[in-house]
Structure formats: C-alpha cells, structure tokens
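Asker: First the structure, then my questions, so here it is.
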Amino acid sequence: MTTRTSGASTPGGEAMTTRTSGASTPGGEAMSPRIIVIGTGFGGVAVANALLKAGFTDLTMLEKADRPGGVWRDNLYPGCACDIPAPLYSFSYAQNPAWSSRFPPQREILAYLDDCIERFGLADRIRCGTEVAAATWTGAFWQVTTTTGETLEADVLIPAVGQLSRPIVPALPGRFTGPAMHTATWDASVPITGRRVAVIGTGASAIQLVPAIAGVAAHVTVFQRTAPWTLPKPERRYGRTRKALYGFLPALMGPARAGTWLMTVVTGLAVTGNRAAGALLRTISVAQRRWQVRDPELRRKVTPDEPMGCKRVLFTNAWLPALARPDVDLVTEQIVAVTPDAVRTADGTEHRADVLVYGTGFAATDFLVPIKVTGRDGESLEAAWKDGAHAYLGMAVPGFPNMFLVYGPNTNTGNTSVVFFHEAQARWIVQAVRHLTRNQHPMEVRPEVAADYDQELQSRLTGSVWASCQSWYRTASGRIVTNWPGMAAEYRRRTARLRPADFQPLVPAQRSAPVTESADRN
C-alpha cells in the first residue's frame with residue numbers, strides 16, 4: 001500500500017510518498033494487489049479472512065472507532081443480544097462451542113468476533129481510529145482519504161460498513177433537558193435505577209431494552225407508532241456438559257446448526273410468500289398475544305395492523321409481559337413535541353420522563369454515507385444512486401471499478417443470518433480479485449448486466465410483503481433497497497461462481513504499482 005500523509009513534502013516541494021508494502025520487490029517482481037477493507041464487523045472480517053486464505057496478503061482494514069466489532073461494539077444497551085440463533089450467527093468455519101445460550105448477549109458476540117480476528121490473523125492489519133471521508137477512482141487505483149487528510153492507495157476497495165451503522169434520531173419540536181440517547185449510542189454512566197424512562201420506538205432494540213429495564217426504572221413509558229409482529233423466542237441455555245462436548249467434538253455442532261437452518265427456512269418461506277408457512281406463523285403469533293396479554297385494551301394496542309413480515313418479525317418471550325407490568329405504559333398517541341421533562345402526545349398529555357431513549361432504528365437505505373465515493377469519469381456514487389442504491393449481486397456498481405461491497409444493496413435477509421450472506425459475498429469477492437489480478441486490468445460490471453439484475457430484483461420485490469408498508473427496508477420513494485427477495489440458498493447459488501462475461505476490463509490510465517495473481521490459491 002502507498003500512504004501519503006497530508007502536508008508532508010520533500011525539500012523540493014513534491015508530495016512525500018511512503019511505501020508501507022505492496023507495489024513491487026527490489027527485483028521488480030509484482031506482488032499481490034493492494035486491498036483496503038472499510039469496516040471491521042462480521043462482513044469486513046469475513047471478506048478479509050477469505051482474501052488472506054486465498055493468498056492476498058497486502059490487505060489493510062480501516063476502522064473509524066477505537067476498536068473493531070461493528071454494531072456489536074456500538075450497541076451496549078441493557079438486554080442487547082442476538083436475535084438470530086448463535087449457531088447461524090457465526091462463521092460456518094469457526095463455530096463457537098462456548099455460547100452460553102442459543103441467543104447470546106452482546107458481550108459474547110463481541111468476544112467471539114474478537115477471537116475470530118485473532119485466529120484469522122487480522123489484528124495486525126486493522127487500523128483503528130481511521131475514518132474514511134472519501135474514495136476516488138484515479139483511473140488506475142483507488143485513492144482513499146481519511147478525515148485527518150491522510151491519503152492511501154488501493155487497487156481494490158471493499159466497503160463493509162454495514163446497513164445498521166448510522167442511528168436515526170427524529171427531529172422533535174421542543175427541547176428535552178435530561179439525558180437523551182439512542183440505543184446504539186448508549187451511555188452507561190446515565191443512571192436508570194429509580195428513574196422515569198421514556199422509550200420511543202418498538203423495534204428490535206426496544207423489545208430487548210424495555211424488559212431489561214422494567215422493574216429497575218421507576219417507570220417506563222413506551223411510545224409506539226406501529227405494533228410489531230412477534231413470535232416466541234426458542235431460547236435455551238447451554239450447560240457445561242453440552243459446551244464440553246462441543247469443545248471436544250466440534251462436529252457435534254453441525255446438527256444444531258442444521259436444525260436452526262431448517263427453522264429459518266420456515267420463516268423464509270413465510271416472508272417470501274408461502275401461504276402455509278405464513279398462516280402457521282400468524283397463528284403462533286396470535287396465540288402468543290392471547291396467552292401473554294390478558295388485558296383487552298393492551299391486546300388491542302399490541303395487535304399489528306400491517307401484514308406479517310412487511311417489517312422485521314421479532315423473537316421475544318419478554319416484550320409482551322413487560323408491557324403488561326403496572327410500572328410500564330404503552331402509548332400509541334402520536335408524539336408532537338418534547339418539553340424539558342416530558343414527551344407530549346397529540347391528545348395533549350405530557351408523559352413525564354427523567355431519561356429519553358430513542359429506539360428509532362438506522363438510516364439503512366443510505367449506503368456508505370457519509371463517505372464520498374467518486375468513480376470513473378468523476379461520477380459520484382450519490383448521483384449514481386439518486387433513485388435508490390443498487391448493485392449487481394449487491395456487490396458491484398457500474399462506473400466504480402474494482403470496488404466490491406459487503407452487505408450492499410438488497411443483501412439483507414428478513415429471516416436468517418446475514419453472516420451466511422457475508423460468507424457468500426466473501427467467496428465471490430475472492431474470485432473477482434483473482435480475475436482482475438490474472439488479467440492485469442481493473443474490472444467493472446457491465447451496465448446492461450447490472451440493469452437487468454436490478455430490474456429482476458425490483459420486479460420480484462414489488463410483489464413482496466415488504467412493499468405493503470413503509471419500513472427501513474424502503475426509501476422515501478418506496479424502492480426496496482435493503483432486502484434480498486428470495487431464499488438465502490438462492491443467493492448462495494447465484495454468487496457461487498464469478499461470471500467474467502458480466503464484467504468489462506478497463507485499461508488503466510496509470511499505475512503506481514503492478515499487480516499479479518497470488519501464487520497461493522487455496
């Protein structure tokens with residue numbers, strides 16, 4: 001990699017260049033391409049590990065925070081845990097025998113990811129405290145600029161910044177003078193015990209937070225815009241005997257993973273239109289409400305009025321009982337303002353609060369924001385995506401050579417583990433890097449190929465359950481840019497083999513370092 005430090009120059013005034021690795025050996029032999037991965041969550045770790053295993057060793061991971069971990073580093077709110085069973089929410093090639101339960105807490109997931117980073121040999125390749133401000137295609141390579149003005153060069157750019165990394169805080173009229181925070185920016189120094197807490201939102205974070213603080217806080221007021229569909233959480237604790245067996249015979253974890261996969265197949269069929277699977281899950285959800293909510297008025301409030309699956313279906317055993325507590329109120333009136341010590345609703349009621357918590361989700365449709373990405377011919381990614389983000393297989397965008405996204409447009413899953421998708425993308429990206437390295441030319445997906453692919457996906461998504469309500473899956477115009485329209489197995493099949501004919505080679509305008517294919521292809 002070539003690193004230019006902003007402001008540094010030689011006595012003659014030329015920009016000073018420091019080679020840290022890459023380009024060529026003293027004898028002139030070409031080495032592996034310079035690769036920059038942006039992000040150190042599950043997606044970044046998956047692709048970096050796959051590239052290293054394939055022999056592409058000139059690789060650097062950039063992380064804006066002071067440690068790796070992605071969303072599992074950032075989300076520290078009480079009750080934060082995995083809502084996908086751990087046997088699936090982990091790498092298939094690095095199963096963890098030490099999970100404490102099927103749905104482990106945040107600290108265990110972060111520890112697992114830290115362990116993978118060490119085992120995969122990635123720790124020394126991560127630069128923390130390095131936030132990317134811009135990336136520009138020069139005609140031969142990517143020039144990456146950090147927020148401090150430092151400039152890096154890469155032959156291959158892999159943004160793996162995720163879809164759930166930019167919290168949304170609604171702009172409410174008025175001013176609340178007490179502590180206020182988003183679940184993704186939780187401040188553990190703010191006391192909750194004995195305080196009145198207002199929680200805005202009833203999504204995946206809120207349904208974990210509220211049961212965790214109910215009974216600790218003096219009172220919790222939950223503000224709901226739409227009631228979520230829920231299903232019983234098939235939780236179970238893993239005892240010492242089970243963990244010891246898994247550690248001694250890791251192959252025993254295979255059946256547990258397979259069983260969990262079959263469960264997600266049922267939920268996948270339900271959200272992709274299978275009537276029998278959908279009817280089964282609706283029946284289970286209705287039964288859960290009847291069993292856990294005795295009060296007719298509360299049951300009315302928690303009954304969804306949107307189709308099941310149009311928003312994320314939530315696994316929980318504690319949410320509905322928490323709402324039924326005498327020290328918890330569920331408010332369905334629209335919020336109109338905040339005051340110094342309350343949240344005011346449309347009926348004029350001021351709901352007193354000492355602490356305000358936003359469980360209001362993320363800007364999932366704003367991919368790569370705020371990084372300014374400029375591709376071939378000076379086109380910005382923002383302009384290319386003005387009508388909504390799109391990418392061939394969720395990874396390649398016309399006009400942006402040698403850039404491959406992880407967890408890009410239309411690669412979110414509404415029913416299973418996104419880690420499964422990350423692994424599929426990592427395998428495909430390795431093939432792409434091999435191809436461009438072998439041919440000694442940058443590669444770019446053909447516009448007509450990307451357009452046909454996008455038309456197919458949008459046609460399928462238009463008739464999907466996700467088109468039936470407004471959610472974080474959709475842009476303001478209604479385009480669904482986050483979710484994959486089919487089953488996870490279909491995505492794995494379609495990304496199993498790179499199709500070189502889908503790409504056009506580009507003649508590089510200039511190179512600061514030649515590139516050759518890595519000798520190790522294992």
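The values are calculated or read from the model by the stated rules, or taken from the named source; none is laboratory data. What you are looking at is a predicted structure, and each value in this text was computed from that prediction instead of being measured. Note: ideal-geometry Cβ built from the backbone for every residue, glycine included; neighbour counts use all protein chains shown. Note: accessible area is taken over every heavy atom of the protein model, side chains too, but ligands, DNA and RNA are not part of it. Shrake-Rupley method; radii C 1.70, N 1.55, O 1.52, S 1.80 Å.
Asker: Could you list all residues from region 287-311 that are open to solvent by 30 Å² or more (accessible area, probe 1.4 Å), under 24 Å from ALA214 (Cβ atoms) and either hydrophobic (A, V, I, L, M, F, W, C) or in contact with a Ser or Thr (Cβ under 8 Å, 6 or more places away or on another chain) (or both)?
Answerer: ALA287, TRP291, LYS301, LYS311, listed by residue number.
Asker: Hey, could you check region 352-369 for residues that are modelled with pLDDT under 95 and of a type outside the set (S, T, N, Q) and say which is nearest to ALA154 (Cα to Cα)?
Answerer: Filtering region 352-369 down to residues modelled with pLDDT under 95 leaves 361-369.
Restricting the remaining residues to those that are of a type outside the set (S, T, N, Q) gives 361-364, 366-369.
On the way: GLY361: 33, PHE362: 29, ALA363: 28, ALA364: 27, ASP366: 24, PHE367: 21, LEU368: 18, VAL369: 20 Å.
Filtering first and then ranking leaves LEU368.
Asker: For region 315-324, give me each residue that is of a type in the set (A, V, I, L, M) and part of a helix (DSSP H, G or I).
Answerer: LEU320, ALA322, LEU323
Asker: Now for a separate question. In the list ALA140, ALA134, which residue meets the criterion of being in contact (Cβ under 8 Å) with a residue 12 or more places away in the chain, out of contact with any helix residue (DSSP H, G or I) (no Cβ under 7 Å at 6 or more places or on another chain) and open to solvent by 20 Å² or more (accessible area, probe 1.4 Å)?
Answerer: ALA134
Asker: I'm told ASN410 meets every condition in (1) at pLDDT 95 or above; (2) over 23 Å from the mean Cα position of the chain (by Cα) except one. Can you identify the failing condition by its number?
Answerer: (2)
Asker: A further question follows. Among ARG312, ARG344, ARG300, which is the only one that is modelled with pLDDT of 95 or more, among the basic types (Lys, Arg) and not in a helix (DSSP H, G or I)?
Answerer: After ruling out the rest, the residue left standing is ARG344.
Asker: Among (1) assigned to a loop (DSSP other than H, G, I, E, B); (2) surrounded by 16 or more Cβ atoms within 10 Å (Cβ to Cβ); (3) not β-branched (Val, Ile, Thr), where does GLY273 come up short?
Answerer: GLY273 satisfies every listed condition except (2).
Asker: Now for a different question. Among all residue pairs at least 6 apart or on different chains, which show Cβ distances below 6 Å where the first residue, located in region 62-88, is closer than 29 Å to GLU150 by Cβ and the second is acidic (Asp, Glu)?
Answerer: So the pair list comes out as LYS64/GLU131.
Asker: Let me ask another. With the structure loaded, tell me whether LEU461 is out of contact with any Leu (no Cβ under 9 Å at 6 or more places or on another chain), open to solvent by less than 10 Å² (accessible area, probe 1.4 Å) and touching a residue at least 24 places away in the same chain (Cβ under 8 Å) or whether it fails that test.
Answerer: Taking the combined requirement at face value, the residue satisfies it.
Asker: Hey, can you tell me all the residues within region 236-253 that are open to solvent by less than 50 Å² (accessible area, probe 1.4 Å) and without any contact (Cβ under 8 Å) to a residue 24 or more places away in the chain?
Answerer: If the condition is that a residue be open to solvent by less than 50 Å² (accessible area, probe 1.4 Å) and without any contact (Cβ under 8 Å) to a residue 24 or more places away in the chain, then GLY239 is the only one that fits.
Asker: Another one. With GLY375, GLY394, GLY414, GLY408 as the choices, which residue is farther than 22 Å from SER165 by Cα and open to solvent by less than 30 Å² (accessible area, probe 1.4 Å)?
Answerer: GLY375
Asker: Determine whether GLY39 is at pLDDT below 50, buried (at least 23 other Cβ atoms within 10 Å of the Cβ) and not aliphatic (A, V, I, L, M). Reasoning before the result, please.
Answerer: Values: at pLDDT below 50: no; buried (at least 23 other Cβ atoms within 10 Å of the Cβ): yes; not aliphatic (A, V, I, L, M): yes.
It is false that GLY39 is at pLDDT below 50, buried (at least 23 other Cβ atoms within 10 Å of the Cβ) and not aliphatic (A, V, I, L, M).
Asker: Quick check on region 160-185: of everything there that is out of contact with any Leu (no Cβ under 7 Å at 6 or more places or on another chain) and hydrophobic (A, V, I, L, M, F, W, C), which residue is nearest to LEU368 (Cα to Cα)?
Answerer: Filtering region 160-185 for residues that are out of contact with any Leu (no Cβ under 7 Å at 6 or more places or on another chain) and hydrophobic (A, V, I, L, M, F, W, C), the one nearest to LEU368 (Cα to Cα) comes out as ALA160.
Asker: What pairs come out if I take residues in region 329-340 that are of a type in the set (Asp, Glu) and pair them with residues that are open to solvent by 10 Å² or more (accessible area, probe 1.4 Å) and not in a strand (DSSP E or B) whose C-beta lies under 6 Å away, six or more apart or interchain?
Answerer: Hits for this filter: GLU333/ALA346; GLU333/ASP347.
Asker: Looking at (1) of a type in the set (Phe, Trp, Tyr); (2) open to solvent by 10 Å² or more (accessible area, probe 1.4 Å); (3) at pLDDT 95 or above, which one does PHE421 not meet, given that it meets all the others?
Answerer: In the conditions (1) of a type in the set (Phe, Trp, Tyr); (2) open to solvent by 10 Å² or more (accessible area, probe 1.4 Å); (3) at pLDDT 95 or above, PHE421 misses (2) alone.
Asker: Moving to a separate point now. For region 201-235, what are the residues that are among the aliphatic types (A, V, I, L, M), surrounded by 16 or more Cβ atoms within 10 Å (Cβ to Cβ) and part of a loop (DSSP other than H, G, I, E, B)?
Answerer: ALA204, ALA227
Asker: How many residues does region 254-270 hold that are open to solvent by 60 Å² or more (accessible area, probe 1.4 Å) and closer than 16 Å to LEU231 by Cα?
Answerer: Selection size over region 254-270: 2.
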